[in-house]
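Read the structure below first, then the notes.
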Amino acid sequence: MITRENIRELSGFESQEGCALSFYYQPSTPKDKSHREELILVKDLVRNALREAEKNGKNGGARQDLEKILSMAEHLHGNGGRAKVVFASGKDNFWREYDLPPRLSETTLVLHRRFHLRPLTAIADVLPRLLIVVADKSKAHFFELWMDEIHEREKLTNELPRRGRSDGFAGYDAGHTERHVEHEAMHWYKRLAERMREFQESGYDRFLVGCRDENWPEFEPYMHPYVRQRFVGRFAIDPAGVTIGQVREAGEALYNEFRANRRAGLVREAVGGAQRNGRGAVGLRRVLQALETGEVQTLLLARNFAAPAVQCGNCGHIDSHSVKECAVCGRGTIELEDVSDALIRIAMRKGIEIIHIPDHPDLVKAGGVAAVLRFRADQNTEGKKAG
């Protein structure tokens, strides 16, 4: 299973010889069981990559990795319905291989100075690391949903006091037991809320809760503010006899609705903020500036966004205009056919959230790239902050 730390490692890699290979395999439904069509496609991709490498004088550094990709393709045979990604640079003794959900747009192979990460971050965006808590007054299950895999992380039980046969004098014993049960339930839900807080500190992106309707008002008040910031919502379910499949289905449905609403809200916030001279930025030039000054909180990329740019080989400054010399340090620049991966690398390095937006007319109209800002550098003066 790939982790966020793995993606961060990939974003920091660079091959000085331009031999960083990125291979994305998306399984398809073949016309015959031999999967011959898939093999032919991979062979064509490898042949084209070799041709480009030879043209640029990098054949030797890439050939070994490309031959390994060909050998792998011979045995993929659909890969059990899973997508596969490989990042390699033989000259740097670097090879990383992962199986992923079959949600790639296509099978591709890219050879460049840095790894092609956009398809990978798009999947990670769609499927963040979720913690689903299914609970009632006597038990709680903690499930982790990451990519397309779900498993139970933990199970807690709460031993409630049992009521005796008699209610005692004037029902005193019954009332006392009832109050004791309520007291125990309060401590139980506090315990669950604290455990969610501990999971939040370990890096979970979002939280969901499944419980019966009557239990939610008892549970909800104890959730920690940090957990609330990442809270998706609650779905109604009876924990007694629930299956892991039911938890997954209910959790994914709730999260998908949340994600769609949040994406639309982020686009409105970015575009509206830019129009009001507030905490929003749209268009490549403005977003690049905001990334460089540390203003960006969330980076938004349209599905089909692509744009050329240049990057300084010395200081890394990116310019949306085709200039031969860096505006910052005066050194030579390198042409980028598509700036998307460079934007993603900067965001990964700075811990900025990356959101891929499938189709939104306002984002497309704004140039396909936008950002929600933490602050505006041109407004961040002591006088304005005091006012």
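The values are calculated or read from the model by the stated rules, or taken from the named source; none is laboratory data. Bear in mind the structure is a predicted one, so any value in this text is a computation, not a measurement. No Cβ is skipped: glycine too gets one built from the backbone with ideal geometry, and neighbour counts run over all protein chains shown.
Observations
- Counting only strands (runs of 3 or more DSSP E) that sit completely within segment 308-387, those holding 2 or more residues that are closer than 22 Å to Gly278 by Cα correspond to 353-357, 369-373.
- Segment 21-45 - residue that is surrounded by 14 or more Cβ atoms within 10 Å (Cβ to Cβ) and part of a loop (DSSP other than H, G, I, E, B) and, of those, modelled with the lowest pLDDT: Pro30
- Val282, sole failed condition from (1) out of contact with any helix residue (DSSP H, G or I) (no Cβ under 6 Å at 6 or more places or on another chain); (2) farther than 30 Å from Arg212 by Cα: (1)
- Annotation note: Cβ proximity below 6 Å between a residue of segment 348-364 that is under 17 Å from Arg374 (Cα atoms) and a residue that is of a type in the set (Ser, Thr, Tyr) and assigned to a helix (DSSP H, G or I) (sequence gap 6+ or interchain) occurs for Met348/Ser11; Ile354/Thr121.
- All positions within segment 324-343 that are farther than 20 Å from His112 by Cα and either outside the structural domain of Gly368 (by TED's automatic domain parsing) or β-branched (Val, Ile, Thr) (or both): Val328
- Options Asn79, Asn6, Asn48: the member that is modelled with pLDDT under 85, part of a helix (DSSP H, G or I) and not aromatic (Phe, Trp, Tyr): Asn79
- Residue within segment 319-331 that is within 18 Å of Phe13 (Cα to Cα), without any contact (Cβ under 8 Å) to a residue 40 or more places away in the chain and surrounded by fewer than 18 Cβ atoms within 10 Å (Cβ to Cβ) present: no
- Qualifying residue in segment 277-284 (condition: in contact with a Lys or Arg (Cβ under 8 Å, 6 or more places away or on another chain), surrounded by 17 or more Cβ atoms within 10 Å (Cβ to Cβ) and outside any helix (DSSP H, G or I)): yes
- Conditions (1) part of a loop (DSSP other than H, G, I, E, B); (2) out of contact with any Gly (no Cβ under 9 Å at 6 or more places or on another chain); (3) over 26 Å from Val209 (Cα atoms): number failed by Pro102: (2)
- Residue match in segment 376-385 (condition: closer than 21 Å to Ala260 by Cβ, surrounded by 15 or more Cβ atoms within 10 Å (Cβ to Cβ) and in contact (Cβ under 8 Å) with a residue 12 or more places away in the chain): no
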